[in-house]
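S.K.: Sharing a structure with you now.
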Amino acid sequence: MLRVNLGQLGREASVAVDGRLPNDEELWKDVGFSWVGDVEVRLRASYAGTGEVVLRGEADGTLSQECRRCLMQVETRFKKHLTMVFVTDTSGQDDDGGLYAFEPEGSELDVSHAVREELILAVNPYVVCDPECVGLCPSCGVNLNEGACDCSVEEVDPRWAALRDLKSE
Ligand SMILES: [Zn+2]
Ligand SMILES: [Zn+2]
């Protein structure tokens, strides 16, 4: 959990909000990717304007995702700079991202859901294990990076294809 202590923030100009979001937390359920180990988050919170709380910092971790073509797990380092603004009234604001409702629980503000949202937006969902990955055979499912299969590949003679295009015009 990542929480800003609002009492401390009131006394000090800014406070550090550092923590880890464990990869097995409910937060990461059904997001389409998983983390290898914890996500490290380093933020600094400060008041801005009339009661707005601004958090700036970064998060990093190691992503584990399926290759879009062959479904192998691909691990990549991930790092993202974060800027999040918590406002008491989000209506009428231009939300071009990074804007969240300021809803403290007692004297604390939980920012883990905002961090989650920022990270989901930043993760590229289309990863490949290798730009040259040839994927799986559509008929037998064999990983073609590891070798050919016995399926006959239906090749269309380019001359016939041209003729067919003419006909359909
Ligand atoms: Zn692949
Ligand atoms: Zn095959």
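S.K.: Quick one: angle between helix 112-122 and the longest Cα principal axis of the chain, in degrees between 0 and 90, rounded to 10, please.
M.R.: 30 degrees
S.K.: Quick check: residue separation of residue 34 and residue 47 times 0.36 nm, minus the Cα distance between them. What number comes out in nm?
M.R.: 1.4 nm
S.K.: Tell me, what is the percent relative contact order of the chain, built from C-alpha pairs under 8 Å that lie six or more residues apart?
M.R.: Averaging sequence separation for qualifying contacts and normalising by length gives 19 percent for the chain.
S.K.: Can I ask one more? DSSP beta bridges in the chain, what fraction antiparallel, as a percent rounded to 5?
M.R.: Restricted to the chain, the bridges split so that about 95 percent are antiparallel.
S.K.: Tell me the angle of helix 158-168 to the major Cα principal axis of the chain, expressed in degrees between 0 and 90 and rounded to the nearest ten.
M.R.: Value to nearest ten degrees: 70.
S.K.: Please rank 126, 47, fewest neighbouring Cβ atoms within 10 Å first, as an exposure proxy.
M.R.: With the fewest neighbours first, 126, 47 line up as 126, 47.
S.K.: Enumerate the amide H contacts of residue 35 below 5 Å, restricted to partners 5 or more residues apart or on another chain; note that Pro and chain-start residues carry no placed amide H.
M.R.: 64
S.K.: While we're on this one: Cβ under 13 Å from residue 133's Cβ, residue 133 left aside: what net charge do those residues give with Lys, Arg +1 and Asp, Glu -1?
M.R.: Combined, the nearby Lys, Arg, Asp and Glu give -2.
S.K.: Per DSSP helix of 4 or more residues, -39500 (n - 2.57); summed, then divided by the residues of the chain. What does that give at 222 nm, rounded to the nearest 500?
M.R.: Computed ellipticity for the chain at 222 nm equals -4500 deg cm²/dmol.
S.K.: Can you sort 123, 74 from fewest to most other Cβ atoms within 10 Å of each residue's own Cβ?
M.R.: 123, 74
S.K.: Something else now. Residues of region 62-85 with backbone nitrogen within less than 16 Å of a virtual label 7 Å along the Cα-to-Cβ line of residue 137, please, listed as ranges.
M.R.: 70
No lab work stands behind these numbers, since they all come straight from the coordinates. Since we're looking at a predicted model, the values are computed, not measured. Positions of Cβ are generated from backbone atoms using ideal geometry, with glycine treated the same way; all protein chains shown enter the neighbour counts.
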